[in-house]
1. Any idea which residue in segment 171-199 is nearest to Val85 (Cα to Cα), counting only those that are open to solvent by 60 Å² or more (accessible area, probe 1.4 Å) and not in a loop (DSSP other than H, G, I, E, B)?
2. Could you count how many residues in segment 153-170 are of a type in the set (S, T, N, Q) and open to solvent by less than 90 Å² (accessible area, probe 1.4 Å)?
3. Enumerate the pairs (first residue in segment 173-195 and farther than 22 Å from Gln207 by Cβ; second residue anywhere and among the small types (Gly, Ala, Ser)) with beta-carbon separation below 8 Å, excluding pairs fewer than 6 apart on the same chain, so at least 6 apart or on different chains.
4. I'm told Gly34 meets every condition in (1) outside any strand (DSSP E or B); (2) under 19 Å from the mean Cα position of the chain (by Cα) except one. Can you identify the failing condition by its number?
5. State all residues of segment 80-104 that are closer than 17 Å to Ile44 by Cα and either open to solvent by 30 Å² or more (accessible area, probe 1.4 Å) or without any contact (Cβ under 8 Å) to a residue 24 or more places away in the chain (or both); if no residue qualifies, say none.
6. Determine if segment 120-127 includes at least one residue that is surrounded by fewer than 19 Cβ atoms within 10 Å (Cβ to Cβ), more than 17 Å from the chain's Cα centre (by Cα), modelled with pLDDT of 95 or more and closer than 26 Å to Lys205 by Cα.
7. Just checking: which of the strands (runs of 3 or more DSSP E) contained wholly in segment 71-160 hold 2 or more residues that are among the basic types (Lys, Arg)?
8. Considering each residue of segment 32-43, count those that are touching a helix residue (DSSP H, G or I) at 6+ places or on another chain (Cβ under 8 Å) and open to solvent by less than 50 Å² (accessible area, probe 1.4 Å), and give that number.
Amino acid sequence: MIPDYARARQARRAHYDEATLHAILDTGLVGHVGFVVDERPMVIPMAYARIGSTLYLHGASKTRIMALDGQKLCLTVTQLTGIVVARSSFHHSVNYRSAVVHGTARKVLAEEHQLALDAITDHLLPGRSGEVRAMTAQERKATGVMALDIEAASAKIRTGGPVEDDADLPSTQWGGVVPVVTALGTGLQDGHTPEGTLPPASLRKAQAKFLA
């Protein structure tokens with residue numbers, strides 16, 4: 001059962017199946033997390049990762065969001081895939097894939113804490129957690145993790161060209177779609193990387209996620 005607050009206004013573009021939702025979440029790079037503090041709405045961009053039906057967020061232990069244990073959160077992920085160019089400004093649009101997730105914040109402790117941190121690292125660079133040294137006890141203490149168990153969620157997807165008024169079609173104006181492409185460029189090594197060192201496998205895997 002999908003609560004009314006999770007239902008999309010444009011029903012023809014809405015999807016509620018897990019496969020569609022997970023595909024958007026797993027290929028997104030940034031999640032925007034919404035919550036209320038001191039009666040003020042806040043939205044913060046954050047790195048995240050999904051394991052099953054749980055999303056994990058991390059940040060410094062003393063940050064505002066790490067104090068929200070038990071409070072309602074909303075996380076959104078949007079991927080812009082095209083600018084839709086019509087023959088009138090009214091019908092201009094964008095093609096996109098988006099997901100909206102609702103749940104209750106849950107502070108993560110013990111073994112789940114390290115599992116979540118590895119997942120967040122690997123979400124951006126698949127396999128990176130296995131390439132680097134383990135976190136120290138002090139680093140783990142300084143890094144908080146919040147879980148968001150998915151209670152309700154919806155996805156919206158728009159594809160295709162402009163929806164035109166018949167009266168505008170004889171116009172000589174150009175109409176169509178300008179694709180928006182997400183890609184990861186070549187890594188720029190820092191001054192401490194020995195000359196000739198190859199990029200890690202995790203970087204190549206991350207780049208491959210966005211190759212058509």
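1. Initially, segment 171-199 is screened for residues open to solvent by 60 Å² or more (accessible area, probe 1.4 Å), giving 172-174, 178-179, 181-184, 186, 188-192, 194-199.
Narrowing the set further to residues that are not in a loop (DSSP other than H, G, I, E, B) leaves 178-179.
On the way: Val178: 7, Pro179: 11 Å.
If we take residues in segment 171-199 being open to solvent by 60 Å² or more (accessible area, probe 1.4 Å) and not in a loop (DSSP other than H, G, I, E, B), then Val178 is nearest to Val85 (Cα to Cα).
2. 1
3. The qualifying pairs are Gly175/Ala86; Gly175/Gly161; Gly176/Gly161; Val177/Gly82; Val177/Gly160; Val177/Gly161; Val178/Gly82.
4. The number of the failed condition is (1).
5. From segment 80-104, those closer than 17 Å to Ile44 by Cα are 98-104; that's our starting set.
Those that are closer than 17 Å to Ile44 by Cα and either open to solvent by 30 Å² or more (accessible area, probe 1.4 Å) or without any contact (Cβ under 8 Å) to a residue 24 or more places away in the chain (or both): Val100, His102, Thr104.
6. Within segment 120-127, one or more residues are surrounded by fewer than 19 Cβ atoms within 10 Å (Cβ to Cβ), more than 17 Å from the chain's Cα centre (by Cα), modelled with pLDDT of 95 or more and closer than 26 Å to Lys205 by Cα.
7. Numbers: elements: 72-85, 93-107, 143-158.
Once the strands (runs of 3 or more DSSP E) in segment 71-160 are filtered for at least 2 residues that are among the basic types (Lys, Arg), what remains is 93-107, 143-158.
8. Step one: of segment 32-43, the residues touching a helix residue (DSSP H, G or I) at 6+ places or on another chain (Cβ under 8 Å) are 33, 35, 37, 42.
Next, only the ones that are open to solvent by less than 50 Å² (accessible area, probe 1.4 Å) stay: 33, 35, 37.
The total comes to 3.
The values are calculated or read from the model by the stated rules, or taken from the named source; none is laboratory data. Values in this document were obtained by computation on a predicted structure and should not be read as measured data. Neighbour counts run over all protein chains shown; Cβ positions are idealised from the backbone, glycine included. Remember, those area values only see protein heavy atoms, side chains included, never the ligands or the DNA or RNA. Shrake-Rupley method; radii C 1.70, N 1.55, O 1.52, S 1.80 Å.
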